[in-house]
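Structure record follows, encoded as structure tokens.
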Amino acid sequence: MFAGVRQRMVQEQLAGDPERPIRNSAVLAAMTRVPRHEFVPASQHAEAYMAWPLPIGFGQTISQPYIVALMTEELDPQPTDRVLEIGTGSGYQAAVLSGLVAAVFTVEIVEPLARDAAARLGRLGCRNVQVRAGDGHEGWPEAAPFDAIIVTCAPESVPPQLLAQLRDGGRLIIPVGPLGDQELRLLEQRPGRPGQRAVLPVRFVPMTRGAGRSAVPATFNL
Ligand code: SAH
């Protein structure tokens, strides 16, 4: 029912972006496959493929399709990659990555969002995704090192634990800065100082800190 509108979204908003079109065919195929409307509340179905962010509850939002595609493309995902995502939200970004890489580990600080995303990803058959409720500042040490890390909430500066969990040559994409003045950055892990490139000014929800949470984060099995 949404296949046609999804195809149009990919052609017009992603491949057809006038300034910086998405060219990676695997990324475009993943965006064509994943049913984005399944990741937003039923009240938002009509807008699921529009070029703007949508509310997903708990004051959080799912990014517009172009930003998801751009961040995925910048990560240069490879079929053998193990990827860490911070900020599971609805699970949409994790689902897009799921079809492109070997394994996705995703951490969400709002427990009901983590639980819902895990159930949704299971329902949609994304078997290579693990969802954890916890504070993403800690990363996922037991599963490190990662080939790539994607952060979909904005800290004021790059959390050192995340860089530490990136393998040499690994890539980290992250929005950094205070609300209203964030930029999307791509970092590459190198011995010594990581390489950095500014990608785009963006607007993401802030990365919060989990005060007083249990020391053992919950992992939801799909
Ligand atoms: N990638 C998501 C959208 C993310 S919205 C999707 O595809 O739907 C940003 C998410 O980051 C929110 O759900 C928010 O609760 C979460 N978040 C904020 N601070 C966090 C932290 N410290 N650790 C993990 N998740 C965090």
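The values are calculated or read from the model by the stated rules, or taken from the named source; none is laboratory data. Since this is a predicted model, take the numbers as computed values, not measurements. Every residue, glycine among them, receives a Cβ derived from its backbone with ideal geometry; neighbour counts consider all protein chains shown. Please note that ligands, DNA and RNA were not included when accessible areas were found on the heavy atoms of the full protein model with its side chains. Shrake-Rupley method; radii C 1.70, N 1.55, O 1.52, S 1.80 Å.
Brief remarks follow.
- Failed item in (1) buried (at least 16 other Cβ atoms within 10 Å of the Cβ); (2) in a strand (DSSP E or B); (3) not basic (Lys, Arg), with residue 169 passing the rest: (1)
- Qualifying residue in segment 84-96 (condition: over 15 Å from the mean Cα position of the chain (by Cα) and not in a strand (DSSP E or B)): no
- Check on residue 96, β-branched (Val, Ile, Thr), at pLDDT 95 or above and open to solvent by less than 10 Å² (accessible area, probe 1.4 Å): yes
- Out of 80, 72, 106, 88, sole residue that is modelled with pLDDT of 95 or more and near the ligand (Cβ under 7 Å from one of its atoms): 88
- Near pairs, Cβ below 7 angstrom, 6+ apart or cross-chain, from segment 142-169 (over 21 Å from residue 182 (Cβ atoms)) to any residue that is open to solvent by 30 Å² or more (accessible area, probe 1.4 Å) and part of a helix (DSSP H, G or I): 165/141
- Long-range neighbours under 8 Å by Cβ, at least six apart or interchain, first residue at positive phi within segment 84-110, second of a type in the set (D, E, K, R) and more than 6 Å from the ligand (Cβ to nearest atom): 91/116; 91/120
- If the condition is being open to solvent by less than 40 Å² (accessible area, probe 1.4 Å) and among the basic types (Lys, Arg), then segment 123-150 contributes only 132.
- Cβ-Cβ under 7 Å pairs, at least 6 apart or on other chains, segment 4-27 side among the polar types (S, T, N, Q), far side surrounded by 12 or more Cβ atoms within 10 Å (Cβ to Cβ): 7/32; 13/51; 13/65; 13/66; 24/73
- Against the conditions (1) surrounded by fewer than 23 Cβ atoms within 10 Å (Cβ to Cβ); (2) without any contact (Cβ under 8 Å) to a residue 60 or more places away in the chain, residue 120 satisfies every one except (2).
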